[in-house]
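The values are calculated or read from the model by the stated rules, or taken from the named source; none is laboratory data. Computed from a predicted structure; not experimentally measured. For neighbour counting, all protein chains shown are included, and Cβ atoms are generated from backbone atoms with ideal geometry for every residue, glycine included. With ligands, DNA and RNA removed, areas are computed over all heavy atoms of the protein, side chains included. Shrake-Rupley method; radii C 1.70, N 1.55, O 1.52, S 1.80 Å.
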Amino acid sequence: MNDKVNNFLYKAKQWKAEMELLRAIIISCNLDEDYKWMHPCYTFEGKNIVLIHEFKEYCALLFFKGVLMKDKHNLLIQQTENVQDRRQLRFTNINEIESTKSIIIDYVKEAIEIEKSGQMIIYKKTDEFEMPIEFHQILQNDESIHQAFYNLTAGRQRAYLLFFSSAKQASTRIKRIESYLPKILDGKGKDD
């Protein structure tokens, strides 16, 4: 057991009992326990399989390659429409976890088998994401911004495109774009 996970669970104010039970179930599946992104993370041969995390309304298991899972009980949830790979099993009380323990174990084992098989997720390409017209015009008119944006990793490009295009009003999109241009020029992602 990982000391950082012990500390995380010790300090948990909400969902403590639920997360402790989820931890015990996952550890029974012979995964290595780690602490990543400030949450308990479970790996197989160094590859991320599942993460325990908590939200205000629920706690959850996040399967990193959840989109590849069969989900024969129709329990996996896509967090938002833009999440391409991960899927969650959500819980609102300890009884839900106890009553689905065998299903949780099956899902964890399936996730391990997916990782063992080497299956890869095919992500949408950056050019398949919506490009707000306001940002498109800036890229066309300013070579330094154009070059800086396309020098970013694909993931950073997508994060900017999702953030810019999620604003409903043009004025908000313009404000967002203008405020993040210095980060783009510095080669940084939205959250760097």
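At a glance:
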| quantity | calculated |
| --- | --- |
| Which numbered condition Glu33 misses (of (1) crowded, with 16+ Cβ neighbours inside 10 Å; (2) at pLDDT below 95) | (2) |
| Neighbours by Cβ (under 8 Å, 6+ apart or cross-chain): first from the range 144-170, under 12 Å from Phe129 (Cα atoms) and at pLDDT below 95; second among the polar types (S, T, N, Q) and part of a helix (DSSP H, G or I) | Ala154/Thr126; Gln157/Thr126; Arg158/Thr126; Leu161/Thr126 |
| Evaluation of Lys125 against (1) touching a residue at least 12 places away in the same chain (Cβ under 8 Å); (2) surrounded by 11 or more Cβ atoms within 10 Å (Cβ to Cβ) (one fails), failing number | (2) |
| Residue that is nearest to Phe8 (Cα to Cα), among those in the range 44-75 that are open to solvent by 60 Å² or more (accessible area, probe 1.4 Å) and in contact (Cβ under 8 Å) with a residue 60 or more places away in the chain | Lys47 |
| Single condition Cys41 does not satisfy, out of (1) under 18 Å from the mean Cα position of the chain (by Cα); (2) open to solvent by 10 Å² or more (accessible area, probe 1.4 Å) | (2) |
| Candidate set from the range 99-141 (those that are basic (Lys, Arg) and part of a loop (DSSP other than H, G, I, E, B)); member that is farthest from Asn82 (Cα to Cα) | Lys125 |
